[in-house]
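Below is one structure, written out as structure tokens; comments come after it.
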Ligand SMILES: Cc1ncc(COP(=O)(O)O)c(C=O)c1O
């Protein structure tokens with residue numbers, strides 16, 4: 001399809017889009033095509049007002065009384081329950097707290113403690129570096145064998161020594177989605193436990209932790225959940241593990257009686273034991289406001305739109321970007337794709353910089369990937385075409401060779 005026909009097609013798809021209205025729930029300039037919601041979600045329109053209220057009224061006027069009168073104390077659970085509906089978990093199974101890295105540390109140690117005698121932890125070689133570092137550190141601290149095994153090869157690596165498998169649902173680099181149900185089943189058949197990092201799937205596809213019988217999960221609040229820079233993350237533990245699981249970071253807020261201020265630790269019942277320190281109320285309540293954009297949405301419709309956007313981008317990439325040196329590394333099969341498309345290009349870093357200068361915002365991942373995220377709540381089909389048009393223009397004019405783009409920015 002050429003780009004003129006593609007634009008006509010995209011306009012039609014947007015007119016028929018049952019989710020077209022959700023873009024109004026965000027503050028986005030029409031001058032920008034924002035394709036980095038997989039890294040930092042756009043600003044939901046509800047957030048500024050709520051944040052102002054939290055700062056000026058709740059903190060400014062109600063002061064410390066807010067922990068009671070504005071229900072700050074229960075917010076990690078309340079926001080967790082809202083999030084639970086997005087990931088197919090029970091209201092009492094999800095807690096919003098800390099960062100994804102910290103939550104992963106808590107989950108790995110807690111889960112490994114549930115399989116004493118098993119000494120192997122399986123992780124994915126290409127997982128986000130933080131997940132690898134944390135797993136290796138846990139392995140060293142507990143004297144366990146940490147093995148890197150591709151999700152596709154997990155069956156052969158499972159035996160009676162494996163305690164836990166920890167994978168990402170969608171690969172941050174390639175956008176490949178793994179079969180959560182099948183992998184979790186295989187892991188359970190071997191008597192091991194399964195932990196998933198949902199950072200690149202929650203909010204763009206229907207995650208069913210309950211149907212898949214997942215033991216533990218973690219994920220970021222600032223990507224497709226739009227909670228804002230540094231938004232707190234979340235942790236999920238299936239109810240069946242609540243009684244026995246132990247956190248390696250026993251904080252006072254996760255104590256059974258926090259305000260008894262006792263000298264020895266007794267874990268709170270349930271998921272609350274994964275609380276550690278005082279929650280970051282400004283960003284936690286910003287996340288709560290941000291999650292309202294999902295109210296009433298059918299996640300299978302969100303998934304349909306996501307696949308339609310990424311599918312259109314891939315078909316245009318094949319038609320007009322491949323001859324210019326781009327290679328699509330994201331799976332073409334719908335079931336194997338998250339909501340981003342990654343393009344390999346020898347000058348990917350400079351191409352992304354030139355693209356951003358033209359108002360199309362994506363990002364770069366080492367060594368040669370341009371990563372474009374299609375957040376279905378605010379990206380339109382016409383944005384897909386605009387992005388491809390600019391990619392063509394950048395490379396045709398050789399803008400990536402501009403010396404301004406030779407030096408990488410701190411954050412890519
Ligand atoms: C898959 C995945 N896991 C973990 C993290 C790290 O999250 P945090 O910085 O909240 O610890 C990221 C960040 O991009 C990620 O993509």
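Things worth noting here:
- Sum of -39500 (n - 2.57) over DSSP H runs of 4+, divided by residues of the chain (222 nm, nearest 500): -10000 deg cm²/dmol
- Inter-part distance where segment 230-284 and segment 312-338 are each reduced to a Cα centre, Å: 43
- Segment 48-294: antiparallel DSSP beta bridges as a percent of all, rounded to 5: 35
- For segment 48-294, the relative contact order comes to 24 percent (Cα pairs under 8 Å, sequence separation of at least 6).
- For segment 328-390, the direction-averaged projected area of the alpha-carbon convex hull comes to 4.4 nm².
- Contact order normalised by residue count of segment 169-322, Cα under 8 Å, 6+ apart, percent: 19
- Global form of segment 157-282, assessed from the alpha-carbon gyration tensor, a/c cut-off 1.5: oblate
- Two-decimal log10 I(q)/I(0) for segment 122-206, as the Debye equation yields it once each C-alpha is a single scatterer, q = 0.16, 0.26 Å⁻¹: -0.59, -1.40
- Taking 78, 337 and counting other C-beta atoms within 10 Å, the order from fewest to most: 78, 337
- Short-range pairs are left out: with C-alpha atoms under 8 Å and at least six residues apart, the relative contact order of the chain is 22 percent.
- Per the Kirkwood formula applied to alpha carbons, segment 43-155 shows a radius of gyration over Rh ratio, Rg over Rh, of 1.12.
- Separation of segment 41-74 and segment 158-224, taken as the distance between their Cα centroids, equals 33 angstrom.
- With viscosity 0.692 mPa s and temperature 37 °C, the Kirkwood radius over alpha carbon pairs of the chain converts through Stokes-Einstein to a diffusion coefficient of 147 µm²/s.
- Ranked list, fewest to most other Cβ atoms within 10 Å of each Cβ, for 273, 27: 27, 273
- The ranking of 341, 382 by Cβ neighbour count inside 10 Å, starting from the fewest, reads 382, 341.
- Each DSSP beta bridge with both residues in the chain is either parallel or antiparallel, and the antiparallel ones are about 55%.
- With Cα atoms, 0 to 90° folded angle of helix 129-142 axis to the chain main axis: 20
- √(5λ) per eigenvalue of the Cα gyration tensor, segment 48-294, largest first, Å: 31, 21, 14
Bear in mind these aren't lab numbers, they're just calculated from the coordinates by the rules spelled out. Because the structure is a prediction, the values reported are computed rather than measured. Counting neighbours? That spans all protein chains shown, and the Cβs are built from the backbone with ideal geometry, glycine included.
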